[in-house]
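*Asks:* I'd like to ask some things about the structure below.
The values are calculated or read from the model by the stated rules, or taken from the named source; none is laboratory data. As the structure is a computational prediction, the values presented were derived from the model and not from experiment. Ideal geometry is used to build each Cβ from the backbone, glycine not excepted, and the neighbour counts take in all protein chains shown. Surface areas here come from the heavy atoms of the whole protein model, side chains and all, with no ligands, DNA or RNA. Shrake-Rupley method; radii C 1.70, N 1.55, O 1.52, S 1.80 Å.
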Amino acid sequence: MYSLIRKGLFLTDPETAHGLALESLRLAHNVGATSLLCNADGEPATVMGLQFPNRVGMAAGMDKNGDYIDALGSLGFGFIEIGTITPRPQPGNPKPRIFRIERAQGMINRLGFNNKGVDHLVSRVKSRRFTGILGINIGKNFDTPNDRAASDYLVCLEKVYPYADYITVNISSPNTKGLRELQGAEQLDGLLNRLNGKRRELSDRL
């Protein structure tokens, strides 16, 4: 079955195939088929106070906007991480921007934080039925200068904080120009200090 589906998907460009796969997953979930495809049993784990039902999760990048949380959750993952999300919607890098490396069974991703913005993601998170561990990955808009990057992360942090079990700060993507400059000791310390200050404020507020 997989080989037939794979051949069909490989007739389309990788980004279109990604969208088709997610929409197919949503349809399968809506008709109750995904519950027949997975076994959620596994060895639980506790990490930093969070109890994960198993050790296999879905990383950020698959569902950037939180549009498929329930469908992905029905596959039995121990956690789901959505994003990367930015304060404002942005289209990402020009297409084509996903490339298959068939001989290595891999892909190259040059998407560039394409997403519908943090407000859309929050609306989707609010309407989810998935009750498992949910992580949210936050970033900055491509046109926000690095000397103002902290403001973007703070906007996202404040908006997603009440709904996330954990939050990931993305400063490592190679697809947003200059982003990895934030990994410098001075820049990173400044960013994390401001985020930690906001986190304490939000924790006290809630």
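*Asks:* Hey, which of these cross-link pairs are over 30 Å Cα-Cα: 7/159; 7/95; 7/126; 126/198; 7/177?
*Replies:* From the list (7/159; 7/95; 7/126; 126/198; 7/177), the Cα-Cα distance tops 30 Å for 7/159; 7/126; 7/177.
*Asks:* Can you compute the equivalent ellipsoid semi-axes for region 1-67, i.e. the square root of 5 times each eigenvalue of the Cα gyration tensor, sorted largest first and rounded to whole Å?
*Replies:* Equivalent-ellipsoid dimensions as semi-axes: 27, 16, 12 Å.
*Asks:* Tell me the trypsin sites (Lys or Arg not before Pro) within region 107-206 that lie in a loop according to DSSP and have at most 10 other beta-carbon atoms within 10 Å.
*Replies:* Sites meeting the loop and neighbour criteria: 129.
*Asks:* Using the Cα centre of region 20-174 as the reference point, and only Cβ charges (+1 on K/R, -1 on D/E), how large is the resulting charge dipole? Debye, rounded to the nearest 20.
*Replies:* Rounded to the nearest 20 debye, it is 420 debye.
*Asks:* Let me ask you something else. Restricting to region 1-121, what percent of DSSP beta bridges are antiparallel, rounded to 5? Each step should come with its number before you reach the end.
*Replies:* Working: 8 of 10 bridges.
Among the beta bridges of region 1-121, antiparallel pairing accounts for roughly 80 percent.
*Asks:* May I ask what percent, to the nearest 5, of DSSP beta bridges between residues of the chain are antiparallel? Present the calculation step by step, with values, prior to reporting the outcome.
*Replies:* Numbers: 8 of 19 bridges.
That works out to approximately 40 percent antiparallel.
*Asks:* Taking only Cα atoms of the chain, what ratio of Rg to Rh do you get with Rh as the Kirkwood inverse-distance radius?
*Replies:* 0.98
*Asks:* From the backbone phi of region 33-38, what are the Karplus-calculated ³J(HN,Hα) couplings (6.51 cos²θ - 1.76 cosθ + 1.60, θ = phi - 60°) in whole Hz, Gly and Pro given as x?
*Replies:* Whole-Hz 3J(HN,Hα) from phi for region 33-38: 7, 5, 5, 8, 9, 9.
*Asks:* Additional query: Helix-only mean residue ellipticity at 222 nm, the chain, DSSP H runs n ≥ 4 weighted -39,500 (n - 2.57), per residue, nearest 500. What is it?
*Replies:* Details: 6 runs with 72 residues, N = 206.
Mean residue ellipticity, 222 nm, calculated: -11000 deg cm²/dmol.
*Asks:* Round to the nearest 10 and give me the degree value, 0 to 90, for the angle of helix 14-30's Cα axis relative to the longest principal axis of the chain.
*Replies:* Computed tilt is about 80 degrees.
*Asks:* If you don't mind, there's one more thing I want to ask. Please report the carbon-and-sulfur percent of the accessible area for the chain; probe 1.4 Å, protein heavy atoms only, DNA, RNA and ligands left out.
*Replies:* For the chain, the apolar C and S fraction of the accessible surface comes to 54 percent.
*Asks:* May I ask you to give the solvent-accessible area per residue for the chain, in square angstrom, as obtained with a 1.4 angstrom probe?
*Replies:* 59
*Asks:* On full extension of the chain, what length is gained from residue 183 through residue 204, given 0.36 nm per residue of separation minus the C-alpha to C-alpha distance? Each step should come with its number before you reach the end.
*Replies:* On the way: separation 21, 0.36 × 21 = 7.56 nm, distance 2.84 nm.
4.7 nm is the gain from fully extending residue 183 to residue 204.
*Asks:* Report, by chain and number, residues whose modeled amide H sits under 5 Å from the one on residue 52, excluding near sequence neighbours (fewer than 5 apart, same chain).
*Replies:* Under 5 Å from the amide H of residue 52 lie the amide H atoms of 45, 46, 47, each far enough along the sequence or on another chain.
*Asks:* Starting with the highest mean, order 51-57, 41-47, 167-173 by the number of other Cβ atoms within 10 Å, averaged over the residues of each peptide.
*Replies:* Numbers: 51-57: 15.0, 41-47: 10.9, 167-173: 18.0.
Highest-to-lowest ranking by the protection proxy: 167-173, 51-57, 41-47.
*Asks:* Estimate the FRET efficiency between residue 163 and residue 88 by the formula 1/(1 + (r/R0)^6), using the beta-carbon distance for r and 22 Å for R0, to the nearest 0.05.
*Replies:* 0.70
*Asks:* Order these peptides, 66-73, 26-33, by their mean beta-carbon neighbour count within 10 angstrom, highest first.
*Replies:* So the order, starting with the most tightly packed, is 66-73, 26-33.
*Asks:* Now for a separate question. Return P(r) of region 33-104 (all Cα-Cα pairs; 5 Å bins starting at 0; whole %; ordered from short to long distances).
*Replies:* 3, 13, 17, 18, 18, 14, 11, 6, 1
*Asks:* Could you tally the net charge around residue 204, taking each other residue with its Cβ under 14 Å from the Cβ of residue 204, Lys/Arg +1 and Asp/Glu -1?
*Replies:* Local net charge: +2.
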